[in-house]
Amino acid sequence: MNNNIDYSEIDKTDDASDVDADDIGRMSKEEKSAFNAIKKAAKKKVADKLKSKQKVLKLKGKYEDTLEKRIKSALRPLSAYVCIALGFPELRLANQHQTSSQNIMLSMGASELRHVKVGGDVTNSLIQLLNDGLHSLFHEGDKLGENPYTMSSPQNEGSIKSEFQFLNLCIDSDVFVSIHERLVSSAEILGDDETEDGVRTETMECTLLLLQCVTVLLRTEELHTPSGRPYFEAIMKQIAEGDRISSKSFKPMKSYPIFLKSGASLFALLEEAITGSETDDLAFTMIGVDCVDSLVRRASSVEHFKRENGGDSAQSKVQAMKGQ
């Protein structure tokens, strides 16, 4: 029986759906059996092709993962000295040519500060590098390695031995002034009820890193030796008031001439940045509380040191910080 059905075309296209129901109804038993065999073979061919494609994709994905790991392992980790870029004009929030950025920030007004971009991937990465560098130097005893912003030679490679050399660069490059600007802006952004959720989240992420940075500095005991006090005083003043300071004239200090004043300003700034955000983020709140607690403890320690060493008492300022 021949109903003029072209099975070769079915086999060629691998698509048995081209045969309509009337044609199938006119088939003999043998023809239906042959047709089903062709249909089954076509399905198997498609399945095998799909399976082969999935296998190739799996192998390709595995190869790409391996290649990515090899590339990452071959890359040199960023030096903590890269965080100096925080003081670059392109990443500053205020006029970098002024002696103090505090007046500039104040002159901008709350309405302008609320629209400043405080954080972001690049900024947050740089602040994290700063935190890691400070922690590595003063709390783990590791060195930072080569400074990518300094011309090196075989004679001076690996010569960075002083923890204070890193702080010198950060102070002179306005890194801590940049932190002041971001804390001021964060306080305004987080305290504004109309701030968009995305902006608020991004700002909180940056503020959290800033609080961690301040905490590390407050807990660094090496900054409370005669050689370390000039750095501590300068850094706290820069963070609290945004003043540009040169480290070239630093000399050992027997006491703390200005910290309790700048500490009071820093307390107010931290309090505004932390309490301005009505959040249920426990981690943010705890890090903020920890930072303020570190400041109060350091102020108490400094006040006690000044009393024990015959310095002028500033107990009222410490008590003011504790009572706020």
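Details
- Qualifying residue in segment 272-284 (condition: out of contact with any Pro (no Cβ under 8 Å at 6 or more places or on another chain), open to solvent by less than 20 Å² (accessible area, probe 1.4 Å) and without any contact (Cβ under 8 Å) to a residue 60 or more places away in the chain): no
Matching residues to (1) modelled with pLDDT of 70 or more; (2) outside any loop (DSSP other than H, G, I, E, B); (3) out of contact with any strand residue (DSSP E or B) (no Cβ under 7 Å at 6 or more places or on another chain):
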| residue | (1), (2), (3) |
| --- | --- |
| 86 | yes, yes, yes |
| 97 | no, no, yes |
| 103 | no, yes, yes |
| 108 | no, yes, yes |
| 111 | no, yes, yes |
| 117 | yes, no, yes |
| 125 | yes, yes, yes |
| 130 | yes, yes, yes |
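- Only a single criterion out of (1) in a loop (DSSP other than H, G, I, E, B); (2) open to solvent by 50 Å² or more (accessible area, probe 1.4 Å); (3) modelled with pLDDT under 85 is not satisfied by residue 319, namely (1).
- Counted residues, segment 234-267 - those being within 26 Å of the chain's Cα centre (by Cα) and assigned to a helix (DSSP H, G or I): 12
- Qualifying residue in segment 35-56 (condition: modelled with pLDDT under 80 and more than 60 Å from the chain's Cα centre (by Cα)): yes
- Out of 194, 188, sole residue that is among the acidic types (Asp, Glu), more than 18 Å from residue 281 (Cβ to Cβ) and not in a helix (DSSP H, G or I): 194
The values are calculated or read from the model by the stated rules, or taken from the named source; none is laboratory data. None of the values given here were measured: they were computed from a predicted structure. We place every Cβ from the backbone using ideal geometry, glycine too, and count neighbours over all the protein chains shown. All accessible areas refer to the heavy atoms of the entire protein, side chains included, with ligands and DNA or RNA removed. Shrake-Rupley method; radii C 1.70, N 1.55, O 1.52, S 1.80 Å.
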